[in-house]
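Enquirer: Handing you this structure, nothing more for now.
The values are calculated or read from the model by the stated rules, or taken from the named source; none is laboratory data. This is a predicted model, so every value here is computed, not measured. As a convention, Cβ positions derive from the backbone with ideal geometry for all residues, glycine included, and neighbour counts pool all protein chains shown.
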Ligand code: F6R
């Protein structure tokens, strides 16, 4: 694991986008792992800039989102399919049909989870996964206590995560209780993981991720076993590191 401490969220975004750009120039049909939430926004801003100003080409790339809320209609503005389209896909020239999110509206959710795993495998696996981290150490929505070998499945959000995500909704009551998320084992198969985190609110989670024991109670810590993880953080998020 390499840990790079940068000045602010903008620098973190630039550094992460630089990793995407280098990959796409080397492998135009790369499979990109996409995250939602606030942390990757500066990354997507910089990727959009690189596309517009420097012609960074996504036309052959494909993308797989980490997770999706269960029960939000696909056209709900906070459904992660909508968020990925708004924050990333609509701003670059990736084919809309090449961007996938788990189906949180399926009648057969377990079947949808298995189908998602198959789609990732059929694409050849994820080349580069962008990750945020929850204040409780989750990656994807693998909350504390998740199996470190888990695959895509339904999870229940903790109250802390629902509180953290309430800012995207008009009230906490609207935040779904369940999600479909790639499992920890699924995420660990990405060839390169770039985790971005900024702000003091992430300092404990980053401490657990980088320096803590590997434990399902801070799921991000499992990345200590990943062969190629880059952690890009600002000084506030690094403030609990020894
Ligand atoms: C989002 C996801 C989550 C977030 C995490 C941090 O697709 O899988 O793990 O990355 O909850 O969210 P932010 O960046 O909003 O603090």
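Enquirer: Go through region 27-55 and give me each residue that's farther than 28 Å from residue 69 by Cα and either in a helix (DSSP H, G or I) or more than 21 Å from the chain's Cα centre (by Cα) (or both).
Expert: 49, 50, 51, 52, 53, 54, 55 - these are the residues of region 27-55 that are farther than 28 Å from residue 69 by Cα and either in a helix (DSSP H, G or I) or more than 21 Å from the chain's Cα centre (by Cα) (or both).
Enquirer: Being within 16 Å of the chain's Cα centre (by Cα) and in a loop (DSSP other than H, G, I, E, B) is the filter; apply it to region 104-129 and report the residue that is surrounded by the most Cβ atoms within 10 Å (Cβ to Cβ).
Expert: 126
Enquirer: Additional query: Taking region 7-26, which residues are in contact with a strand residue (DSSP E or B) (Cβ under 6 Å, 6 or more places away or on another chain) and not in a helix (DSSP H, G or I)?
Expert: 8
Enquirer: Next up: Take the conditions crowded, with 23+ Cβ neighbours inside 10 Å and not in a strand (DSSP E or B) and apply them to residue 187. Does it pass?
Expert: yes
Enquirer: Something else now. Collect the residues in region 95-123 that are touching a strand residue (DSSP E or B) at 6+ places or on another chain (Cβ under 6 Å) and over 20 Å from residue 153 (Cβ atoms), keeping them in residue-number order.
Expert: Within region 95-123, 98, 99 meet the criteria.
Enquirer: Go over the candidates 33, 63, 37 one by one and state the one that is touching a helix residue (DSSP H, G or I) at 6+ places or on another chain (Cβ under 7 Å) and either at pLDDT below 95 or within 14 Å of the ligand (Cβ to nearest atom) (or both).
Expert: Only one candidate passes the filter, namely 63.
Enquirer: Of (1) touching a helix residue (DSSP H, G or I) at 6+ places or on another chain (Cβ under 6 Å); (2) under 20 Å from residue 83 (Cα atoms); (3) within 13 Å of the ligand (Cβ to nearest atom), residue 154 satisfies all except one. Which?
Expert: (3)
Enquirer: Residues that are in contact with a strand residue (DSSP E or B) (Cβ under 7 Å, 6 or more places away or on another chain), buried (at least 23 other Cβ atoms within 10 Å of the Cβ) and within 20 Å of residue 155 (Cα to Cα): does region 227-238 have at least one?
Expert: Taking every residue of region 227-238 in turn, none turns out to be in contact with a strand residue (DSSP E or B) (Cβ under 7 Å, 6 or more places away or on another chain), buried (at least 23 other Cβ atoms within 10 Å of the Cβ) and within 20 Å of residue 155 (Cα to Cα).
Enquirer: From the list 11, 68, 46, 110, which residue is away from the ligand (no atom under 16 Å from the Cβ) and closer than 30 Å to residue 199 by Cβ?
Expert: Of 11, 68, 46, 110, the one residue that is away from the ligand (no atom under 16 Å from the Cβ) and closer than 30 Å to residue 199 by Cβ is 11.
Enquirer: Under 8 Å between Cβ atoms, at least 6 apart or on separate chains: pull out the pairs that start in region 112-133 with a residue that is free of Cβ contacts under 8 Å to residues at least 60 places away in the same chain and end on any residue that is part of a loop (DSSP other than H, G, I, E, B).
Expert: 114/152; 115/103
Enquirer: While we're on this one: Being farther than 23 Å from residue 43 by Cα and loosely packed, with under 15 Cβ neighbours inside 10 Å is the filter here, so list the residues in region 196-214 that pass it.
Expert: Matches in region 196-214: 211, 213.
Enquirer: Something else: Please indicate, with yes or no, whether at least one residue in region 131-148 is more than 13 Å from the ligand (Cβ to nearest atom), in contact with a helix residue (DSSP H, G or I) (Cβ under 6 Å, 6 or more places away or on another chain) and farther than 23 Å from residue 82 by Cβ.
Expert: Yes, region 131-148 contains at least one residue that is more than 13 Å from the ligand (Cβ to nearest atom), in contact with a helix residue (DSSP H, G or I) (Cβ under 6 Å, 6 or more places away or on another chain) and farther than 23 Å from residue 82 by Cβ.
Enquirer: Scan region 190-227 residue by residue and report those that are within 16 Å of the chain's Cα centre (by Cα) and either part of a helix (DSSP H, G or I) or away from the ligand (no atom under 16 Å from the Cβ) (or both).
Expert: Those that are within 16 Å of the chain's Cα centre (by Cα) and either part of a helix (DSSP H, G or I) or away from the ligand (no atom under 16 Å from the Cβ) (or both): 191, 192, 202, 205, 206, 209, 219, 220, 221, 222, 223.
Enquirer: I'm checking my understanding of the structure. Among residues of region 174-184 that are surrounded by fewer than 24 Cβ atoms within 10 Å (Cβ to Cβ) and more than 13 Å from the chain's Cα centre (by Cα), which one is nearest to residue 107 (Cα to Cα)?
Expert: Among those residues, the one meeting the criterion is 178.
Enquirer: Here is a follow-up. Kindly provide the set of residues from region 1-19 that are within 20 Å of residue 55 (Cα to Cα) and in contact with a helix residue (DSSP H, G or I) (Cβ under 6 Å, 6 or more places away or on another chain), ordered by number.
Expert: Passing the criteria: 13, 14, 16, 17.
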